[in-house]
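Structure, as structure tokens:
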Amino acid sequence: MNLMVFGAPGAGKGTQAKFLVEKYNIPQISTGDMLRAAIVDKTAMGMEAKKFMDAGELVPDSTIIGIIKDRLDKEDCQNGFILDGFPRTLAQAEALEDLMSKSGKKLDFVLSFDVPDELIIQRIAGRRVCPKCGASYHVVFNPSKKEGICDACGDNLIIRKDDNADTVKNRLQNYHNQTAPLIDFYKNMGVFAQIDGSQELSKVTKDMFEVLG
Ligand code: ADP
Ligand code: AMP
């Protein structure tokens, strides 16, 4: 199964992707997580990407397409994968089609979580993430069992550097201008499924698995 979770930053893509990983035993491929790992490792690519990420801008297509190409070639992706946070531009979507068609693969579903901007702002303001395993919590909507500690791996939760009010506005604007147009791209491919992502977490998960059948 080749899946994509789609939506604005903070729509709940990463949160729902974890349930897909568990159910289908296929990897979650989050370009955001990969870029953050490159920043921790202080690679040249990571240092370059950091400037864009801290400002809430998209990292250039050539960088992103390069890291996705390498990742999809890996053994663990051969039985399927969950794309999370990629593609975010038409050029990225076209590059993905090109990569997948060359290896005889196709996308099964684009699971799109629709959430109004006002709610996105609240979700991002209260988000806490685990730097080790990437799990995402919310101080009110989805708190960890022990405050500040990841339920999954016990690491200390952090606030992402780009989860601040100024950057969020920019990220939402970039989503509407550059990423939302992909909705028509995937509708035309017949793989697009819209899910009301504003509902409580477990209801979103239920609707997602109903789409998947
Ligand atoms: P994305 O991966 O799309 O950027 P996340 O999965 O990190 O988004 O979710 C953003 C924030 O919203 C997190 O704090 C998460 O705990 C919270 N969240 C996710 N889904 C829901 C939901 N259905 N209802 C309320 N809060 C949610
Ligand atoms: P995310 O974790 O998906 O919210 O991504 C965090 C940041 O990483 C984004 O605001 C961008 O700066 C960058 N990023 C992640 N994925 C992409 C992508 N596919 N294209 C461009 N920039 C990306």
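The values are calculated or read from the model by the stated rules, or taken from the named source; none is laboratory data. What you see is a predicted model, and the numbers here were worked out from it, not measured in a lab. All Cβ positions, glycine included, derive from the backbone under ideal geometry; neighbour counts span all protein chains shown. These accessible areas exclude ligands, DNA and RNA; they are computed on the full protein's heavy atoms, side chains included. Shrake-Rupley method; radii C 1.70, N 1.55, O 1.52, S 1.80 Å.
Quick look at the values:
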read-out: Within the stretch 53-87, backbone nitrogen closer than 13 Å to the virtual label 7 Å beyond the Cα of TYR24 toward Cβ; value: 77-84
read-out: Gain in span if fully extended, LYS69 to ASP117, counting 0.36 nm per residue against the direct Cα distance; value: 14.2 nm
read-out: Heavy-atom accessible surface of the stretch 1-120: percent carbon and sulfur, 1.4 Å; value: 55
read-out: Spin-label zone in the stretch 12-52 - amide nitrogen under 15 Å from a point set 7 Å from the Cα of LYS161 along the C-beta vector; value: 32-52
read-out: Distant alpha-carbon pairs in the stretch 55-104 (separation over 17 angstrom), percent; value: 31
read-out: Rg(Cα)/(2.2 N^0.38 Å) for the stretch 1-68, N = residue count; value: 1.20
read-out: Positive-pole candidate from THR89, ASN142, PRO181, dipole of the stretch 67-197, charges at beta carbon; value: ASN142
read-out: At 0.692 mPa s and 37 °C, Stokes D of the chain from Kirkwood alpha-carbon radius, µm² per second; value: 187
read-out: Protein-only accessible surface order, largest first, of CYS77, CYS133 at 1.4 Å; value: CYS133, CYS77
read-out: Solvent-accessible ranking of LYS203, LYS187, largest area first, probe 1.4 Å; value: LYS187, LYS203
read-out: Spread of Cα-to-Cα distances over 10 Å intervals beginning at zero, given as percent, for the stretch 68-173; value: 12, 32, 32, 22, 2
read-out: Spatially near lysine pairs across the stretch 107-213, Cα under 24 Å, sequence gap of 8 or more or different chains; value: 11
read-out: Cα radius of gyration and Dmax for the stretch 162-213 (Å); value: 14.2, 39
read-out: Whole-Å semi-axes of the ellipsoid equivalent to the stretch 1-121 (Cα gyration tensor, √5λ, descending); value: 21, 19, 14
read-out: Cα extents of the stretch 111-183 along the three principal axes, largest first (Å); value: 38, 28, 20
read-out: Unit charges on C-beta of K, R, D, E only; dipole of the chain, Debye; value: 400
